[in-house]
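All remarks here apply to the structure that follows.
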Amino acid sequence: MSDSDLTIDDLATHVGLPSRTIRFYQTKGLLPRPEMRGRVAHYGPAHVERLRRVAQLQDRGLKIKAIHELLRKVEEGETKLDEWLGLDDRLREPWTNDESRVVDEKDLSALAGELRPGRIADLVRHGLVTRLGGSFRVPSLALLQLAIRLEAVGVDLDAVAELQRTLRKRLSRTAEDLAEPFLARRARRKPAGRAPPLGDALRELRPIALEAVRLVFAQEMERVLRNWVESGRAAKMSPR
């Protein structure tokens with residue numbers, strides 16, 4: 001029997017999926033219609049390839065609805081699957097050199113300073129560390145190091161955590177505002193002025209976006225501190 005003459009049970013065996021899963025995909029519109037011969041449905045290479053694509057996209061974390069929409073765009077020529085997969089790879093690339101790490105108590109002490117009573121509980125409470133059996137997971141080494149640096153100049157962990165929440169909330173909106181016009185402009189481009197693949201464009205956007213945030217935030221900090229000095233607010237906060 002060839003790949004072009006498969007019953008649903010043959011197809012299930014061929015791709016390593018239960019028949020009920022294939023039927024479920026059919027109800028969700030993820031598979032082309034099979035060829036009916038009498039009352040028996042027959043499947044071919046297109047169905048095998050589609051199931052492999054669905055599995056590939058599920059491995060990338062896409063839900064069934066998102067897979068259906070993406071495959072529709074591929075079929076209608078709105079996008080290419082290889083280009084989309086390349087974009088997904090770009091989006092998975094970190095924008096910072098940050099990393100997570102699993103450490104023991106000794107290593108945690110080296111990262112976070114003396115583990116006085118209650119210290120670990122504070123780090124866990126603020127999400128800088130999570131317990132992992134007898135070890136500890138540091139979700140973001142960069143954030144932990146930043147918190148320790150701020151703590152060293154007199155900003156306690158409670159204030160650091162509140163600062164992080166505030167920055168994340170406000171910068172999340174900034175990121176949305178930056179990404180939306182960038183993507184909308186690409187969507188309006190005509191075929192004659194075809195833009196480079198979106199994944200490459202996002203890679204080019206990365207340093208520009210980071211520099212924009214760094215520059216504007218630095219200017220705003222300079223403005224705020226200058227106002228504090230000129231208004232006398234800074235003097236009122238100086239230690240006596």
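Values in this text are rule-based calculations from the coordinates and carry no lab data. Treat the numbers as computed from the prediction; the structure is a model and nothing was measured. Cβ placement follows ideal geometry from the backbone for every residue including glycine, while neighbour counts extend to all protein chains displayed.
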Exercise. Kirkwood hydrodynamic radius (Cα pairs, Å) of segment 8-79?
Worked result: 12.7 Å
Seminar exercise, completed: Rounded to one decimal in nm, the spacing of the 7 Å Cα→Cβ label points at Leu141 and Leu62 is 3.4 nm
For this session: Output the relative contact order of segment 8-79, whole-number percent, from Cα pairs under 8 angstrom with separation of 6+ residues.
Result: 26 percent
Seminar exercise, completed: At R0 = 22 Å the Cβ-Cβ FRET efficiency linking Asp177 and Leu132, nearest 0.05, sits at 0.05
Exercise. So between Arg33 and Trp228, what do we pick up on full extension, going 0.36 nm a residue minus the alpha carbon distance?
Worked result: 63.2 nm
Exercise. How far is it, in nm, from the label point at Arg168 to the one at Glu78 when both lie 7 Å from their Cα along the line to the Cβ?
Worked result: 3.2 nm
For this session: Evaluate E = 1/(1 + (r/R0)^6) for Ala161 and Ser100, where r is the Cβ-Cβ distance and R0 equals 25 Å; express this FRET efficiency to the nearest 0.05.
Result: 0.90
Exercise. Label points 7 Å out from Cα along the Cβ direction at Thr13 and Ala110: separation in nm?
Worked result: 5.7 nm
